[in-house]
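The values are calculated or read from the model by the stated rules, or taken from the named source; none is laboratory data. In this text the structure is predicted, and so the values were computed from the model without any measurement. Using ideal geometry, Cβ is built from the backbone for each residue, glycine included, and neighbour counts are taken over all protein chains shown. Side chains are part of the model used for accessible areas, which takes the heavy atoms of the whole protein and leaves out ligands, DNA and RNA. Shrake-Rupley method; radii C 1.70, N 1.55, O 1.52, S 1.80 Å.
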Amino acid sequence: MKTLGHWIGGKPADGASGEFGPVYDPATGEQTTRVALASVGEVDRAVAAAKEAYREWGTASLSRRTSVLYAYRQLLDARRDEIAALITAEHGKVHSDALGEVARGMEIVELACGITEKLKGELSTEVSTRVDVASIRQPLGVVAGITPFNFPAMVPMWMFPLALACGNTFVLKPSEKDPSAAYRLAELAAEAGVPEGVLNVVNGDRTAVERLLEHPDVAAVSFVGSTPIARHIQETAVRHGKRVQALGGAKNHMLVLPDADLDHAADNAINAAYGSAGERCMAVSVVVAIDSVADDLVARIAARAERLRIGPGTDPSSEMGPLITGEHRDKVASYVRGAAAQGAEVVVDGTGLSVAGHENGFFLGVSLLDRVRTDSDAYREEIFGPVLCVVRAETYDEAIALINSSPWGNGTAIFTRDGGAARRFQLEVEAGMVGVNVPIPVPIGHHSFGGWKDSLFGDLHIYGNDGIAFYTRGKVITTRWPDPADSGGINLGFPRHD
Ligand code: NAD
């Protein structure tokens, strides 16, 4: 069995705490790795390494920072397959999906390569006689990232490339369920020329997280994970005087209007609900179908769901892999088993699936629940598995009221051929990311990613221009070079621009 420690100061660091957690291959159910769980002392070492590295990196020239990032981008490109294989081995998602995750993460490295343009300041000359004003942005210092299991490479890459490009140093605490991909990203960063201590990885659980939240040398915290933990992260980090962005969970609704192309809508519902076994924060978990087309749409989704090929992520013919742990699989299955008693019609029941040769893997078939009641557990809770709920509405107004009453507001989508309806939806819906005939509207790297309501705690979205604003702070410099012939003399009045 492999043992995975930490990456501190540009080198591997053993798990000195002596505490370890299990990492499984979800396709076989076997433990493959024991991952070190950092003590407070180990987190302190990582923060100290980052603080020391900041002395140089914080003032390194933009050309130095970007040349390292370009080299990193090239290395990631060459190692896509290797990183994707690590993701599949510990997360379970199919290889093509893992490759897509790496590609989306690399978009942020590409954005970071262009930081020179993004960090350009502003200058106003002669705002007063011989007075100029410049606005610049500077790094924060040591920043921390805490990431979830479902995108073990992409979500860390949403954070550290941009943080480093802005001149910060970084301590990453990846999910303890699938930590190897993030660790490899740090090793490759060192290979690309990222100096020692600029990017550190501490593996661990709550102990490591709590220490990062209270550590006096951590200036800011980026978090992505479930809503209860996101709320806790924001409250605790703010109490300790830190800047924080904490992205939480979701329950994403896809509205299908009667004029939509129903085959197109059904294909997209399937892809967005069951891709990555539903373990995506942007997964569609609720289809809101307008009554007049609901029966037809449900029949089309069900026919497609029954044909999906489920198997190990390493098998190129698999379209969907297992769930992350046996415990999570059982919890997801319990929503399907309890659905009928809470009023839903179970159209497709995936709870009985067994994958030949992988009987101990954490597999679960896909499920489709129709006529789901909004007071039922399947509707009210984030299931985070391959379960699609259908809720019916009589009108557009009823549908939008339903979507806007959700406590979450991550992503949402409308399927229609009516431009006017789509335009109304994009302005009226209360969510941070909206798709029009696009079911998972994950913004590209040059835009920012983030939800509303209980899907994001903090003011700024992640990556894009918001990410750059998050990882820098503003400074405004007012300059006068007096003419020796006109020193101005003494004047205690309020400074005037004239
Ligand atoms: P999680 O909240 O359980 O864990 C996220 C991180 O927090 C991990 O690093 C974990 O070690 C740490 N953590 C867990 N419990 C903690 C505690 N009590 N105190 C301190 N730290 C703790 O989330 P997960 O199960 O790994 O990931 C799935 C969740 O993440 C889903 O809710 C999903 O919607 C959400 N997610 C959201 C986005 C987004 O962009 N909004 C993206 C990906 C995932």
### Query
Just for helices (runs of 4 or more DSSP H) wholly inside the range 216-322: which have at least 3 residues that are polar (S, T, N, Q)?
227-239
### Summary
Condition set at pLDDT below 95 and not polar (S, T, N, Q), scope the range 1-55, selection least open to solvent (accessible area, probe 1.4 Å): answer is GLY15
### Query
For VAL218, which of the numbered conditions (1) within 19 Å of the chain's Cα centre (by Cα); (2) crowded, with 18+ Cβ neighbours inside 10 Å fails to hold?
(1)
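Results for (1) part of a strand (DSSP E or B); (2) touching a strand residue (DSSP E or B) at 6+ places or on another chain (Cβ under 9 Å); (3) crowded, with 16+ Cβ neighbours inside 10 Å, shown as yes or no for each residue.
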position: LEU123; (1), (2), (3): yes, yes, no
position: ALA134; (1), (2), (3): yes, yes, no
position: GLY145; (1), (2), (3): yes, yes, yes
position: PHE149; (1), (2), (3): no, no, yes
position: PRO156; (1), (2), (3): no, yes, yes
position: PHE160; (1), (2), (3): no, yes, yes
position: ALA163; (1), (2), (3): no, yes, yes
### Message
Looking at the structure I just gave you, is ASN252 within 30 Å of GLY361 (Cα to Cα) and more than 10 Å from the ligand (Cβ to nearest atom)?
### Response
no
### Task
Please work out which one of (1) more than 9 Å from the ligand (Cβ to nearest atom); (2) out of contact with any Phe, Trp or Tyr (no Cβ under 7 Å at 6 or more places or on another chain) is the condition THR147 fails and give its number.
(1)
### Query
Out of (1) outside any loop (DSSP other than H, G, I, E, B); (2) of a type outside the set (A, V, I, L, M, F, W, C); (3) touching a His at 6+ places or on another chain (Cβ under 8 Å), the odd one out for GLN426 is which?
(3)
### Query
Mind checking which pairs have a first residue in the range 199-212 that is at positive phi and a second that is open to solvent by less than 50 Å² (accessible area, probe 1.4 Å) and modelled with pLDDT of 95 or more, Cβ under 7 Å, 6 or more apart or different chains?
GLY204/LEU37; GLY204/ALA38; GLY204/LYS173
### Task
Please work out which residue is nearest to the ligand (Cβ to nearest atom), limiting yourself to the range 227-249 and to residues that are of a type in the set (Gly, Ala, Ser) and within 19 Å of ILE440 (Cβ to Cβ).
GLY249
### Task
Take the residues in the range 441-475 that are within 15 Å of ILE108 (Cβ to Cβ) and of a type in the set (Phe, Trp, Tyr), then tell me which one is farthest from the ligand (Cβ to nearest atom).
TYR471
